[in-house]
Amino acid sequence: MALVKNQTCISHFILLGLFNHTPLHLLLFSTIMVMFLVALFGNGLMIFLINTDSRLHSPMYFFLSWLSLMDLMLISTIVPRMAIDYLLGHGSISFTGCGLQILFFLTLLGDECFLLAFMAYDRYVAISNPLRYSVIMSCRVCWLMVAGSWLFGLVDGLFQAIYTLSFPYCGSQEIDHFFCDIPAVLKLACADTSIYEALIYVCCILMLLLPFSVIAVSYLLIFVTVLRMHSAEGRQKAFATCSSHMAVVSLFYGAAMITYMRPQTYHSSKQDKVVSAFYTMITPMLNPLIYSLRNKEVAGALKKLLGRCPCGGGQE
């Protein structure tokens, strides 16, 4: 350990960022900031509606409110720092600050992985076993699922943040990324990281493939149940309920798997930046839009809220 401390000569890193100071990149930066504001407003509105409208007090919306909170925290972990770095013209981040960003980012990423799996299981129980739904998905069970998501995410985040920063960093300080992403940070390590890369694959299997397997099995069983339904209206309602969640899962897991399940030799900085921007900025913005536009109950709660607002022109 003493050797590592002696070799870690740098006190901070330099984040090269996502954009240059050109007219085109200024336009892209402005677009990102608009997406950030939309994500903040959309996820904040979802949390508010779910907690204030009694029609949305069910396990499905309970999980959705936590997903919105995680999305809000995830985009807030990345975008404000990136924006400040761009406006100031430099992206200096301390060694400790980099570790904290890795911790928060991976914790939230892991949280969402497991929460999406629990949401898929919730839909399976609701469609395949509706008579026992309230018993199986009790309030206690829902809270345990959310707590489990946070616990698994925190353990993964702590492990990877501590292990990543335990390597000696004695060369370049420049991280070719807009935040402290592990593949980009490891490129600066002055040591063999092959064993750690193998451990990352194990973590990816646990944090990505296992929850994704639960999701896949849940929706396979849902599909079988829906095909057995005699009511066309029942089939349509079941598909409508699940389609939003399937869209969110596809966006989130697709981008995360591309980033964290490729060997280090196949990583390129440009590709990593684009994919990372997708699930740290675009997905948190799209999630509330997907759920609100494709969900009649959420849309109804929003209309009710606008009807109460004097500026909405509605009457009580």
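Structure summary
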| read-out | value |
| --- | --- |
| Yes/no for Ser94 being out of contact with any Leu (no Cβ under 8 Å at 6 or more places or on another chain) and open to solvent by less than 10 Å² (accessible area, probe 1.4 Å) | no |
| Pick from segment 166-187, criterion within 23 Å of Val79 (Cα to Cα) and assigned to a loop (DSSP other than H, G, I, E, B), ranking: most open to solvent (accessible area, probe 1.4 Å) | Lys187 |
| Restricting segment 248-270 to residues that are open to solvent by 40 Å² or more (accessible area, probe 1.4 Å), part of a helix (DSSP H, G or I) and among the aliphatic types (A, V, I, L, M), the residue that is modelled with the highest pLDDT | Leu251 |
| Index of the failed condition, Leu88 passing every other in (1) open to solvent by 30 Å² or more (accessible area, probe 1.4 Å); (2) in contact with a Ser or Thr (Cβ under 7 Å, 6 or more places away or on another chain) | (2) |
| Some residue of segment 106-116 being at pLDDT 90 or above, open to solvent by 40 Å² or more (accessible area, probe 1.4 Å) and in a helix (DSSP H, G or I) | no |
| His230, sole failed condition from (1) over 21 Å from Asp71 (Cβ atoms); (2) at pLDDT below 80; (3) open to solvent by 30 Å² or more (accessible area, probe 1.4 Å); (4) touching a helix residue (DSSP H, G or I) at 6+ places or on another chain (Cβ under 8 Å) | (4) |
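The values are calculated or read from the model by the stated rules, or taken from the named source; none is laboratory data. These numbers come from a predicted model, not from an experiment. Counting neighbours? That spans all protein chains shown, and the Cβs are built from the backbone with ideal geometry, glycine included. Remember, those area values only see protein heavy atoms, side chains included, never the ligands or the DNA or RNA. Shrake-Rupley method; radii C 1.70, N 1.55, O 1.52, S 1.80 Å.
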